[in-house]
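Written below as structure tokens is the structure these notes are about.
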Amino acid sequence: MSEIDYEKLAEIELQKDEAEDTQSGQDKTFTPLPLEDPELDINHPYYDVARHGIIQLAGDDNSGRKVITFSCCRMPPSYQLNHTRLLEYLKYTLDQYVENDYTVVYFHYGLKSLNKPSLKWLQTAYKEFDRKYKKNLKALYVVHPTNFIKILWNIFKPLISHKFGKKVTYLNYLSDLREHLKYDQLNIPQEVIRHDENLRGKHKGKLPPVVKVPPPRPPLPTQQFGVSLQYIKDKNSGELIPPVMKETVSYLKRKGLQVEGLFRRSASIQTIKDVQKLYNQGKPVNFDDYHDIHIPAVILKTFLRELPQPLLTFECYDSIVGITSVESCLRVTRCKQIIQGLPEHNYIVLKYLICFLHMVSQESIYNRMTASSLACVFGLNLIWPSKGTASLSALVPLNLFTELLIDFYMNIFNSRTVPGEILP
């Protein structure tokens, strides 16, 4: 079958999907309203595309990799969206993460004849995403696939390597994402949620029952993950630096400072769970046994990400997001002011961590991890909003703030000494 035949077939399948949506009452309106993102600056270089919310940052997957979502239902009709600009914006977004392992979730529902890009655009897009983008993409989840996707796959089969094909996972229902991602962090459009409910309604009786999540157990006295700094301190004879942080930092300081790409790589999900379990049970962990320097690095990031409240606290979120509106020459001073307002315990733990990250950045000639690179990894592990996840437009100030902390560590942290503080 020729490419033209496949394209016609794809168009027919798309029209079938649309007819089915109309029949089920899902296709009441088409043009999606732009998302209201108060953090999106009208001067953003891709404001015309970003305002639709097609591409979103959605926290981390179960391996600690950043998750980017692409929602077709947020795409307006083609005459209202420049697809060349959309491709540029997608690359602009991914450029912030491609040096690290990352995951993409593609919500297919909502792709229609009126808003779909041309086949030529899709081919150009695939070629534009060279090895730089494909190498560290560890998983691509296609949610609610239809026959249209199967036909597209046949069109692109000659271009797609076997290795890349193995990264693609098709998921029929939103609940399937829970196995791979932190589901509650995903910004799933309401249209996609309604479509999922409709699909489940149609297949009632054919689906396995939704597993009810049991209520959380009370934490163990030795618990390290998912509990507050105060809890860990109280259960560890008043120690200010959590044991898991002290041990990972100490190990990485001895053996990881010159490892290229430190903190950029992910690790085996099962190994990370096993190490977490050992820490939570108060058992000793010997990182030498795992023969992988990235395991303690991932454990450190996971510990920070699973704190009930971010290390920089919810109260500081708005002040930190506002850092880009401060004149460049005054930003370090502003960082210092924000840090001074932290609770004493948070300040001590933050100072301990940033001191170590400053050391890592000093070895960037070997490890390639500059303050900017480390900020891209740690920014969202140090601060996030109290509701939902940080939007893509909030990333610039959050990462900038983290970069300033690392780069100007000596200046920012030199004016407040606290009894009992420890440095790495």
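The values are calculated or read from the model by the stated rules, or taken from the named source; none is laboratory data. Computed from a prediction, not measured in an experiment: that's the story for all the values here. Positions of Cβ are backbone-derived with ideal geometry, glycine not excepted, and every protein chain shown enters the neighbour counts. The accessibility values were calculated without ligands, DNA or RNA, using every heavy atom of the protein model including side chains. Shrake-Rupley method; radii C 1.70, N 1.55, O 1.52, S 1.80 Å.
Observations on the structure shown:
- Euclidean distance of C-alpha centroids, segment 269-318 and segment 39-63, integer Å: 28 Å
- Among the trypsin sites (Lys or Arg not before Pro) in segment 336-399, those located in a DSSP loop and surrounded by at most 12 other Cβ atoms within 10 Å of their own Cβ are Lys387.
- Our coupling estimate for segment 357-371, obtained by passing each phi through the Karplus curve with A = 6.51, B = -1.76, C = 1.60 and θ = phi - 60°, is 5, 4, 4, 4, 5, 5, 9, 5, 4, 9, 8, 6, 10, 6, 4 Hz, Gly and Pro reported as x.
- Per-residue [θ]222 nm for the chain (sum of -39500 (n - 2.57) over DSSP H runs n ≥ 4, rounded to 500): -13500 deg cm²/dmol
- Over the chain, Cα pairs under 8 Å with separation of 6+ residues give a relative contact order of 16 percent.
- Average accessible surface area per residue within the chain, 1.4 Å rolling probe, Å²: 49 Å²
- Overall, the ratio between the Cα radius of gyration of the chain and 2.2 N^0.38 Å, rounded to two decimals, is 1.06.
- Cα gyration tensor category, rounded, prolate or oblate, for segment 325-411 with a/c compared to 1.5: rounded
- For the chain, share of DSSP beta bridges that run antiparallel, in % to the nearest 5: 25 percent
- Shown for segment 75-135 is the translational diffusion coefficient from the Stokes-Einstein equation, using the Kirkwood radius over Cα pairs, a temperature of 25 °C and a viscosity of 0.890 mPa s: 191 µm²/s.
- Of the accessible area of segment 46-109, computed with a 1.4 Å probe over protein heavy atoms only, carbon and sulfur atoms account for 45 percent.
- Protection proxy ranking, highest mean first, for peptides 184-194, 141-151: 141-151, 184-194, where packing is the per-residue count of other beta-carbon atoms within 10 Å, averaged.
- Size of charge dipole - segment 280-388 - debye, nearest 20, with Cβ of Lys, Arg +1 and Asp, Glu -1, no other charges: 220 debye
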